[in-house]
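Scroll down for the structure; my scribbles are underneath it.
The values are calculated or read from the model by the stated rules, or taken from the named source; none is laboratory data. Computed from a predicted model, the values in this text were never measured in an experiment. Virtual Cβ from ideal backbone geometry, glycine too; neighbours counted across all protein chains shown. We work out accessible area using only protein heavy atoms, side chains counted, and drop any ligands, DNA or RNA first. Shrake-Rupley method; radii C 1.70, N 1.55, O 1.52, S 1.80 Å.
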Amino acid sequence: MQKNIMTLERHFLEQQRKYPQARGAFTKLLTEIAFASKVISREVNRAGLGDILGNAGVLNVQGEEVQKLDILAHKMLINIMDHLGLLCGMASEESENYIKIPDEFPVGNYVLNMDPLDGSSNIDVNVSIGTIFSIHRKVSNHPRVALKDFLQPGRVQVAAGYVLYGSSTMLVYTSGQGVYGFTLDPALGEFLLSHESIKIPKKSRFYSINEAYSYRWHTWTRKYIDYLKSPVKQAGLGLSLRYIGSLVADFHRNLLMGGIFVYPEDTKTPKGKLRLLYEAAPLAFIAEQAGGKASDGMQDILDIQPKQLHQRTPLIIGSSAEVKTALRFRNDFK
Ligand code: AHM
Ligand code: MG
């Protein structure tokens, strides 16, 4: 018998039935993020063409110049999300300050943190990139929105996810009831459930770190990576190195295949490079829901109380056992 085709909409309806806390507003919010990601996906797929048209001096249909994709993704998400009455504000990697909902629109009970298009070095060269998002409840008493609404630990996220624009477009999300992956069927324009209850494999196959920076690593990182490459470890596991330089793509591969991603603190970036609110925390939520682990070296990423919107953090994320081993090295060789 043919399997039921599970669209995102049907999945959300079923989730709503199972978990009454997944209310309509929340479902609508995720649905609109998915819609925005379809628009971004279309633009990403036409990126090369945009350049060709741009070079020919042609403007797009709105008569605007072709924009950089990350800015376009940022504007697209704001444009699709700001008037729905679901959000009270947004924070984006592309905006220094948080984004308020314009006065003419009502505010809702949720906050959206996002990296509209992550993997900037890969955007122009046709290599996988992604959108990362994180949703929190409004916590301040402010009638519209306050900084406090954004500076919440990852542990209280109500949902988080990413969209990977790769060989296909995939949306992976969690709302605390497991991790689900949907693949975009380009002909239907629908996300269809392709990965149910994703669990990160216990056995690691890959490690991901930018080895070019080894000259600036601290001792623990050098010792840990040496250990991963040692004959003893290799004999047991046969780990391979993969590093795309797009966090979403590196994380996604390790989530499905088993592995660890490390962007550590080092002499050039003492606090790491990646951003807590819209890169590390959402992926940490997914990692934990998939049975994995995420740490900054001292505590779980999800327990960090953010102090700034664009706060950076070291990130060690992936298969639980592998992350624990990395933490042992960090503890033993400070
Ligand atoms: P970005 O937000 O400017 O794209 O930077 C984040 C990206 C991540 O996707 C990736 O993991 C990391 O930067 C790669 O950095 P590096 O080139 O230093 O290894
Ligand atoms: Mg980014």
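Here are some notes:
- Filter pass, Glu196 being among the acidic types (Asp, Glu) and surrounded by 15 or more Cβ atoms within 10 Å (Cβ to Cβ): no
- Residues (away from ligand 2 (no atom under 16 Å from the Cβ) and not in a loop (DSSP other than H, G, I, E, B)) located in the range 77-121: Ile78, Asn79, Ile80, Met81, Leu87, Cys88, Gly89, Ile99, Lys100, Tyr110, Val111
- In the range 73-85, the residues that are over 19 Å from Glu104 (Cβ atoms) form Cβ pairs under 6 Å with partners that are surrounded by fewer than 16 Cβ atoms within 10 Å (Cβ to Cβ), at six or more places apart or across chains, as follows: Met76/Val39.
Residue-wise test of (1) open to solvent by 60 Å² or more (accessible area, probe 1.4 Å); (2) touching a helix residue (DSSP H, G or I) at 6+ places or on another chain (Cβ under 8 Å); (3) at pLDDT 95 or above; (4) more than 16 Å from ligand 2 (Cβ to nearest atom).
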{"position": "Lys223", "(1), (2), (3), (4)": "yes, yes, yes, yes"}
{"position": "Gly245", "(1), (2), (3), (4)": "no, yes, yes, no"}
{"position": "Arg253", "(1), (2), (3), (4)": "no, no, yes, yes"}
{"position": "Gly259", "(1), (2), (3), (4)": "no, yes, yes, yes"}
{"position": "Glu265", "(1), (2), (3), (4)": "no, no, yes, yes"}
{"position": "Lys268", "(1), (2), (3), (4)": "yes, yes, yes, yes"}
{"position": "Lys271", "(1), (2), (3), (4)": "yes, no, yes, no"}
{"position": "Gly292", "(1), (2), (3), (4)": "no, yes, yes, yes"}
{"position": "Asp296", "(1), (2), (3), (4)": "no, yes, yes, yes"}
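- Only strands (runs of 3 or more DSSP E) whose full extent lies in the range 129-184 are considered here, and the ones with at least 1 residues that are open to solvent by 10 Å² or more (accessible area, probe 1.4 Å) and under 24 Å from Ile71 (Cα atoms) are 159-165, 169-174.
- Selection count where residues are part of a strand (DSSP E or B) and hydrophobic (A, V, I, L, M, F, W, C), scope the range 185-199: 3
- Residue ID - farthest from Ile135 (Cα to Cα), chosen from residues in the range 307-324 that are away from ligand 2 (no atom under 16 Å from the Cβ) and open to solvent by less than 40 Å² (accessible area, probe 1.4 Å): Glu322
- Pairing residues of the range 253-267 that are within 11 Å of Tyr243 (Cα to Cα) with residues that are within 13 Å of ligand 1 (Cβ to nearest atom) and of a type in the set (Asp, Glu), at Cβ distances under 7 Å and at least 6 apart in sequence or on separate chains, gives Phe261/Asp250.
- Hits in the range 83-127 (condition: more than 10 Å from ligand 1 (Cβ to nearest atom) and of a type in the set (Ser, Thr, Tyr)): Ser92, Ser95, Tyr98, Tyr110
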